[in-house]
Amino acid sequence: MKLPDLTPATFIKRNNRFSAGIRLDSGGLASAYVPTTGRLTGVLCPGCRVWLIPSEDTNRKTPYTMALAELENGGLCSTNAYLANQLFSEAVENRSLKAFKYPIIESEVSFGKSRLDFRLSEGNEACWVEVKSVTYVEDGIGRFPDAPTSRGRKHLGELANLAASGDRASVVFIAQREDAQKFAPFEAVDPAFAQVLREVNAKRVEVHAYGCQVSTERIKILKELPVVLTA
């Protein structure tokens, strides 16, 4: 996925869940929309370098959207959780994911009381997929979630129902940074999510994880990561 031209800046502080104060390299202070429901723990540190996308809406309260942050130990992390879905869709379309070779891609498909990210299909075979963005990495292990998520547990339950009905179902974790070497649920942050993930995996819900290549020009899924579900 190619990124638009980015504006460099320095992160000052998180004003609230979706807004951050930044100092532009060109001079002056501004605010930026932070497009994630996560905490970005270990990613946004005061004084770190960030890259922004200018808004085309001159009346918007936040004139920029934060796209990338430079990590303390080097490398970049995408701060846009919503890109994970686009990265997955692009990779499936390009036939670059061995586990998901489907020609038909439908997004935001309703099932039960939820709307799941994707329904992939070929002929009579369907594969339902829920995608999660991973931004927290410690000792090479990408972890999700970095904040408790009842919504995430609900989606896992819907995937289990689909698997029980005979369809294929999978949850896909995408680490939008380069230093993740494996994936594991973040037991310390949300033990209930970790337990449900193990339970639905035992009920035929597949768990896949991928690492990305990230630069100021583009982001793309680079490799599949080993998944560790044991507590």
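The values are calculated or read from the model by the stated rules, or taken from the named source; none is laboratory data. All figures in this text were calculated on a predicted structure; none of them were measured in a lab. Quick reminder, even Gly has a Cβ in these numbers, built from the backbone with ideal geometry, and neighbours come from all protein chains shown.
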Picking from 119, 115, the residue that is farther than 14 Å from residue 210 by Cβ and modelled with pLDDT under 95 would be 115
With (1) within 30 Å of residue 25 (Cβ to Cβ); (2) buried (at least 20 other Cβ atoms within 10 Å of the Cβ) as the list, and residue 118 as the residue in question, which single condition is left unmet? (1)
Considering only strands (runs of 3 or more DSSP E) wholly within region 1-101, the ones with at least 2 residues that are touching a Phe, Trp or Tyr at 6+ places or on another chain (Cβ under 8 Å) are 7-16, 19-24, 29-33, 49-54, 64-70
Would you please name the residue that is farthest from residue 161 (Cα to Cα), looking only at residues in region 114-144 that are outside any strand (DSSP E or B) and free of Cβ contacts under 8 Å to residues at least 12 places away in the same chain? 139
Quick check on residue 182: is it exposed (fewer than 14 other Cβ atoms within 10 Å of the Cβ) and either under 17 Å from the mean Cα position of the chain (by Cα) or not assigned by TED's automatic domain parsing to the domain that holds residue 100 (or both)? no
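Looking only at residues that are within 15 Å of residue 84 (Cα to Cα) and out of contact with any Pro (no Cβ under 8 Å at 6 or more places or on another chain) in region 22-39, which one is modelled with the lowest pLDDT?
The extreme case among them is 37.
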Checking residue 193 against (1) among the aromatic types (Phe, Trp, Tyr); (2) outside any strand (DSSP E or B); (3) within 21 Å of residue 75 (Cα to Cα), which test does it fail? (3)
Residue 188 vs. criteria small (Gly, Ala, Ser), in a strand (DSSP E or B) and either assigned by TED's automatic domain parsing to the domain that holds residue 88 or buried (at least 20 other Cβ atoms within 10 Å of the Cβ) (or both): no
Examine region 202-220 for a residue that is surrounded by fewer than 20 Cβ atoms within 10 Å (Cβ to Cβ), among the basic types (Lys, Arg), at pLDDT 95 or above and under 24 Å from residue 51 (Cα atoms), and state whether such a residue exists. yes
Considering only region 54-70, how many residues are modelled with pLDDT of 95 or more and either charged (D, E, K, R) or crowded, with 20+ Cβ neighbours inside 10 Å (or both)? 6
Residue count for region 80-99, restricted to those that are under 12 Å from residue 117 (Cβ atoms) and touching a helix residue (DSSP H, G or I) at 6+ places or on another chain (Cβ under 9 Å): 0
